[in-house]
Each structure stands twice: as structure tokens, then as C-alpha cells.
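Working notes, structure below.
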């Protein structure tokens, strides 16, 4: 049975389920959630008709705005590329590396079907409800770096218990 979570954002809740067949990404996400890692982190890259990205701890700080998108833990997660980048899927962000290893904490939620990303990024979960929140975040006003002018924040991520 997949692990499920509620991402409580400043614009509403997004319910997600993690894929069982991407265990390294699932386990890393579960670990970070358990540490409260994502609490207070902003969506730092928002592109309407594409995706919304979050997971950078530097995004908590306005004075580090020019560095948003560059932070995270000092490790990568090995690629587990198995799923398509369809609207409402969660995928791990990454820098350009030949192994296609993922960022230790940054992830994005596809706001559209982005098949051109297939085979390049690990999709490790899916939005079960709250796609309207994803759509609302995707249309906020941004600066020239696609960073929202008014912060959109993850307040907390909590596991859903059966």
C-alpha cells in the first residue's frame, strides 16, 4: 500500500501518494518529512502550464532569493526512472549529471502532461486530491526567475494514517 501525505500549503492542501516502485525516493521523502525538513519551505520555481517546484531550504530566506533552487542536503538519490511526467505527478528535481541522480530534497509537481521529461527525471508520486491547489499556485505572479513575488509556502507535510 503506498505511503500517503498531506502537503499543507499557504494556498490549500495537496494530498499525495508515493509510488512503491521508487523505494529510494519514497524512503528519502518519508525521512525528510519525519524530520520536518519541508516545513516553511517555499515553492521557488513556478511556471504556468508546466510545473511548480519546491524543496530548497534556502527558500525560507528572502535574503537568499537569488540562491533559491540551489540548496538541499549534500547527497543525491540514485535515479529510479519508471513513470511518465503526467499532470499531477511528483518528480525529483536534479542538476545536470550523467547518472540522472536526483536532488536530495527538491521536487516538482507537474501542472501539465510533460512527456518530454520522460526518461530524464524520477517520478515518485501522484496527487490524489488538491490539483486545484497546484493549478492555483501555478498562476501566481512571479519574477524573471519564475520565483513567486508573494511567497507560497509549505506549512507542513503530514502522513495520512489509515
Space enclosed by the convex hull of the alpha-carbon atoms of the range 81-121, per residue, Å³: 65 Å³
The range 110-162: equivalent-ellipsoid semi-axes (sqrt of 5 x gyration tensor eigenvalues, Cα, Å): 22, 20, 11
Roughly how many whole Å is it from the C-alpha centroid of the range 23-51 to that of the range 90-162? 7 Å
Using only helices, what value at 222 nm comes out for the chain when you add -39,500 (n - 2.57) per DSSP H run of length 4 or more and divide by the total residues, to the nearest 500 deg cm²/dmol? -3500 deg cm²/dmol
Using just the Cα positions, wrap the range 12-69 in a convex hull and report its mean projected area in square nanometres, one decimal place. 5.2 nm²
At q = 0.12, 0.15, 0.17, 0.19 Å⁻¹, what log₁₀ I(q)/I(0) does a Debye calculation on the Cα points of the chain give, no solvent, two decimals? -0.45, -0.73, -0.97, -1.26
Just rank 38, 108, fewest to most, by other beta-carbon atoms within 10 angstrom. 38, 108
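Taken together, the values in this text are just the output of simple stated rules run on the coordinates, not laboratory data. This structure is a prediction, so every number in the text was calculated from the model and none was measured. Note: ideal-geometry Cβ built from the backbone for every residue, glycine included; neighbour counts use all protein chains shown.
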